[in-house]
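In what follows, a single structure is set out as structure tokens and then discussed.
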Amino acid sequence: MDVIIYHNPACGTSRNTLALIRHVGIEPHVIEYLKTPPSRALIQDLAARTGAPLRDLLREKGTPFAELGLGDPAVSDDQLLDAIEAHPVLLNRPIVVTPRGVRLCRPSEAVLDLLPEDGLKPFVKEDGEVVIDAEGRRVR
């Protein structure tokens, strides 16, 4: 299965998502989006493929979101894209692309909806939270 993750190694959710992908036996294409920001067209495409508005892919915490006034509903998608191009940190993470769909994987276990479910093995996140139990069942 071909999988892409738009990843920030400084983010625990992103690290856990990457670990879950690898845990099911898939080595994804890892794109550190702060080093290699996706193009404007790609961001639009990713947002469309999630089925959610572009605004849903924005990160507020630890970004210039408030300073740029991006919470104002009058800010257009073009203006949001301008802001993301200027400040890639505004793009929330991790975004995962698989043949099963595209999703902002927050929380990290949301990635399991995009991955094969057969033969799941126990998995515990960095903070100790159990995601897959000893019987291979997702903990919800």
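Out of the residues in region 12-27 meeting the condition of being modelled with pLDDT of 95 or more and of a type in the set (A, V, I, L, M, F, W, C), tell me which one is surrounded by the most Cβ atoms within 10 Å (Cβ to Cβ). The qualifying residue surrounded by the most Cβ atoms within 10 Å (Cβ to Cβ) is ILE21. Within region 121-130, the set of residues being closer than 15 Å to GLY12 by Cα and in a loop (DSSP other than H, G, I, E, B) comprises LYS125, GLU126, ASP127, GLY128, GLU129. Exactly one residue among VAL30, VAL139, VAL111 is of a type outside the set (Gly, Ala, Ser), more than 16 Å from HIS7 (Cα to Cα) and surrounded by 11 or more Cβ atoms within 10 Å (Cβ to Cβ), and that residue is VAL139.
Filtered by the rule that a residue be basic (Lys, Arg) and in contact with an Asp or Glu (Cβ under 7 Å, 6 or more places away or on another chain), region 28-80 gives a lone residue, ARG40.
Evaluation of LEU120 against the conditions (1) under 18 Å from the mean Cα position of the chain (by Cα); (2) aliphatic (A, V, I, L, M); (3) under 15 Å from ILE21 (Cβ atoms) shows that the sole unmet condition is (1). For region 33-42, filtered to residues that are of a type outside the set (Val, Ile, Thr) and open to solvent by 10 Å² or more (accessible area, probe 1.4 Å), the residue that is nearest to LYS125 (Cα to Cα) is LEU34. When we screen LEU54, LEU42 for residues that are touching a Leu at 6+ places or on another chain (Cβ under 7 Å), under 15 Å from ARG103 (Cα atoms) and of a type outside the set (Val, Ile, Thr), the only hit is LEU54. Among the residues of region 43-91, those identified as out of contact with any helix residue (DSSP H, G or I) (no Cβ under 9 Å at 6 or more places or on another chain) and surrounded by 13 or more Cβ atoms within 10 Å (Cβ to Cβ) are ASP45, ARG49, ALA52, GLN79, HIS87, PRO88, VAL89.
On the given criteria, is ALA134 open to solvent by 50 Å² or more (accessible area, probe 1.4 Å), modelled with pLDDT under 95 and not basic (Lys, Arg)? Answer is yes for this residue. Residues of region 17-41 being more than 11 Å from the chain's Cα centre (by Cα) and polar (S, T, N, Q), which ones? Matches in region 17-41: THR36, SER39.
The values are calculated or read from the model by the stated rules, or taken from the named source; none is laboratory data. All figures in this text were calculated on a predicted structure; none of them were measured in a lab. Cβ atoms come from the backbone with ideal geometry, glycine included; neighbour counts cover every protein chain shown. Remember, those area values only see protein heavy atoms, side chains included, never the ligands or the DNA or RNA. Shrake-Rupley method; radii C 1.70, N 1.55, O 1.52, S 1.80 Å.
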